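Peer 1: Sending over a structure as structure tokens; questions will come in a sec.
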Amino acid sequence: MGAVYKARHIYLNKIRAVKIVHGALAIETEYSDRFIREARILSELNHPNLVRLYEFGTLDSGNFFMVMEFVHGENLLARIRRKGRLSIEEAVRICRDAGAGLHSAHQLGIVHRDVSPDNILVVRDSLGEEIVKVIDFGIAKAIAESHKFTATHMFIGKPEYCSPEQTGFLENTSVDHRSDIYSLAVNFYHLISGKLPFSSSTPQGFLLKHATEPPLPILAHFKDGEVPELLDQVLRKALAKYPSERYQSMLEFTEELSRIESSAIKLEHTTAIQHPMQTSREFFDLGKKSFDQLEWTEAIRWWNKAHALSPDPALQGWIAAAEERLQLERKVSTVLTSELEECEVELYQGNSTRASQLLEHVERSLSPELNLGYLQTRVSTLRQRLSEPAPKSVPSPSRLSGVVVWTAVISFFLLIVGGAVVFYLVPHLGAGRKKAEQQALKEQVRSLIDENRFREARKKLLLLEEKGIDPDDPKFGELETLLREREQNRGKSLYLEAEAAFNSSNIELANGKLKDLENLNVPSFETQIASLKERIRQYSEYNSVSEKTRTPLMQEIVQGNTGRARELIQHGAEINAADGNGYTVLMYVIWKTPDLVMDLLIRGANVNALDNRNVTALHVACDIGHLQSVNTLLEFGAKLDFQNQYGATPLIVAATRGHTDIARLLIDEGANLTLKTPNGYDALKTAEYYNHHEIAAMIRQRLARSTEPFPTGKFEITTRN
């Protein structure tokens with residue numbers, strides 16, 4: 001129906017996906033209406049697990065276009081092919097997040113109607129954490145209108161994952177939100193078993209079986225006692241033929257998925273008690289298999305379970321190795337993704353040399369010991385584009401004859417003036433050689449600056465002075481100015497990287513970046529270096545106190561044992577406890593296991609508690625970028641404008657980290673835009689300093705809105721209070 005392009009916003013410097021309806025289809029009313037409907041649907045959706053729409057309109061040619069959030073990741077079908085089948089915990093996490101996004105659409109009366117592995121992506125955020133995104137609402141429709149399609153028995157969706165009512169074989173049924181519940185249940189079945197609930201060699205066969213045959217019981221794919229019986233009960237209900245017999249909301253279904261996860265954890269725990277050594281060895285083998293497949297998170301999960309059953313110092317070494325690989329992979333992924341985007345820009349601008357250098361660096365950095373295969377496709381595509389020869393023009397015969405004539409003329413001219421040229425140049429050969437040496441040094445300086453080798457560049461500048469170049473020479477002054485500017489820019493970049501590493505608790509990386517910054521020897525950064533070193537020292541002391549004073553519930557949360565933590569909460573663990581630094585259970589949950597936020601809040605967790613640094617739970621959620629937690633905290637009365645010991649409000653924290661969606665939510669909720677830190681930084685100045693231009697633009701717009709009349713010109717005013 002349309003072509004999708006990857007594009008970069010020239011002002012915001014952000015990657016976007018641009019979808020344009022095909023020219024041949026633009027004149028077709030059916031396709032144009034569907035494209036407009038998709039845009040209207042996306043404009044109403046605002047959820048972290050759904051793709052976001054930024055703009056919609058028409059080109060000069062009259063073709064419709066939309067600008068959407070760009071997501072690059074692995075769809076579920078690719079993950080199933082790669083792993084065979086997923087653990088219950090991983091499958092539940094993916095389907096629960098996808099279900100949360102779909103539930104937000106259902107609340108607006110929108111049915112997706114094509115919930116399939118192709119349309120569920122697992123992407124990575126800027127910190128390397130996995131996020132689930134539901135895409136392609138191209139055939140979605142409002143529930144009130146969906147009967148128009150089923151009434152004519154028009155099939156829409158993918159046969160393997162469609163609901164019985166979508167097949168057209170069921171009488172007196174229409175397609176509503178319960179159709180998406182059925183389709184998501186088929187996806188869940190496929191993820192945990194590696195198989196579909198029905199098998200057929202034709203699309204028509206799948207449609208008929210969805211409408212008439214019961215699915216193969218999920219327990220048939222597992223050994224006795226391997227998975228909880230609740231799994232079979234939940235899937236039987238979710239895959240019922242008639243919508244009235246299924247779960248009546250997506251939220252109800254995802255809550256049942258969480259129960260399955262808890263039951264699976266209890267089953268593992270029971271088996272472990274009965275056969276601790278055998279189970280521990282099985283967990284270790286599963287972890288080793290995941291480690292060999294470069295699945296670090298899975299390896300850590302299995303080994304933590306094995307270590308809990310049978311503590312072993314050697315196993316702790318394996319866990320530490322996997323955690324180190326995971327952190328390294330996230331860091332390398334962030335850097336290489338940025339370099340690939342820069343490579344695409346250079347290639348688009350025609351700078352193939354620079355693009356080739358960037359691509360070669362990325363290729364050298366794609367270590368087979370890290371799970372970076374998802375970047376290899378982009379590398380291969382860019383390499384293919386680089387290898388394509390530029391079109392060459394073929395001279396015409398008349399042009400060739402002109403070349404011959406001009407060659408003869410030029411040769412004659414050179415013969416006449418050659419003697420004169422030599423006569424005048426011979427006395428100046430020495431000066432020319434000196435000038436050539438200076439020019440060569442200038443080019444070397446410029447090249448060293450471009451390669452960020454500033455110390456060597458400054459040595460070459462000193463050598464230029466020794467060679468007798470005039471310091472007032474404009475070219476020399478330009479090089480000196482360029483070197484200072486690049487040193488400042490590189491210094492700022494290193495400082496921001498060091499601060500980002502510190503904010504991600506990667507102290508080793510932060511210290512490494514600070515050392516590189518010190519080696520630049522740029523005096524203007526001395527104060528910032530000293531300040532960040534002091535913060536690192538305080539953090540180390542703070543972390544040491546935390547580790548020694550955590551409660552058992554906090555320990556389970558830190559280790560990521562969601563099921564065990566939920567059990568402790570349900571059995572009365574103190575939910576308002578704090579460690580020696582005042583860091584509360586709620587803050588730990590937001591940091592490590594945000595799925596438990598609601599469990600704590602409905603049991604009365606203090607949403608506005610302060611730790612010893614005046615940090616609140618809202619500060620923590622804004623720091624790690626968890627939009628759902630921010631939204632939940634605000635619903636439970638979190639205060640917007642608490643300032644921590646550094647004077648930062650939650651909005652300033654979000655502006656520092658670049659969490660655009662969170663900043664937008666806080667601004668919409670009425671966050672104070674003028675509060676400043678002791679060094680004079682408000683939210684706007686913070687966003688500008690960290691180059692988060694989209695956040696800065698939102699703040700400027702809101703500040704302007706407080707002084708300007710109602711905007712006219714871009715939107716049509718229908719009512720005005």
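Peer 1: Can you tell me the order of 667-676, 87-96 when each peptide is scored by its average per-residue count of other Cβ atoms within 10 angstrom, highest first? Can you show the working numbers first?
Peer 2: On the way: 667-676: 14.7, 87-96: 21.3.
Result, highest mean Cβ count within 10 Å first: 87-96, 667-676.
Peer 1: Something else now. Using only the alpha carbons, work out the radius of gyration and Dmax of the range 552-705 in angstrom.
Peer 2: My reading of the Cα-based Rg and Dmax gives 15.9, 51 Å.
Peer 1: Right, another one. Find out how many positive minus negative residues lie around Arg603, taking Lys and Arg as positive, Asp and Glu as negative, among other residues whose Cβ is under 15 Å from that of Arg603. Before the final figure, lay out the partial values.
Peer 2: Working: positive: Arg566; negative: Glu567, Glu574, Asp595, Asp599.
For residues surrounding Arg603, the net value is -3.
Peer 1: Out of residues 5 or more away from Asn75 or on other chains, whose amide H comes under 5 Å of its own, with H placed 1.01 Å from N in the peptide plane?
Peer 2: Val122
Peer 1: Right, another one. Describe numerically, in nm with one decimal, the distance between label points set 7 Å from Cα along Cα→Cβ at His571 and at Ser380.
Peer 2: If labels sit at His571 and Ser380, their model points lie 5.0 nm apart.
Peer 1: Right, another one. Using packing as a proxy for protection, rank 530-537, 647-654 so that the peptide with the highest average count of other Cβ atoms within 10 Å comes first.
Peer 2: Values: 530-537: 13.9, 647-654: 27.4.
In descending order of packing, they fall as 647-654, 530-537.
Peer 1: Can I ask one more? Amide H to amide H under 5 Å from Phe56: which residues, 5+ apart in sequence or cross-chain, H placed 1.01 Å off N in plane?
Peer 2: Val67
Peer 1: What does the charge count around Thr549 come to, taking other residues whose C-beta lies under 14 Å from its C-beta (Lys +1, Arg +1, Asp -1, Glu -1)?
Peer 2: Working: positive: Lys548, Arg550; negative: Glu541, Glu547, Glu574, Asp579, Asp611.
Local net charge: -3.
Peer 1: Give me, ordered by chain and number, the residues 5 or more places off Arg16 or on other chains with an amide H under 5 Å from its own placed amide H.
Peer 2: Ala7, Arg8, His9
Read the figures in this text as sums done on the coordinates, not as results from a lab. These numbers were taken from a predicted model, which means no experiment stands behind them. Neighbour counts run over all protein chains shown; Cβ positions are idealised from the backbone, glycine included.
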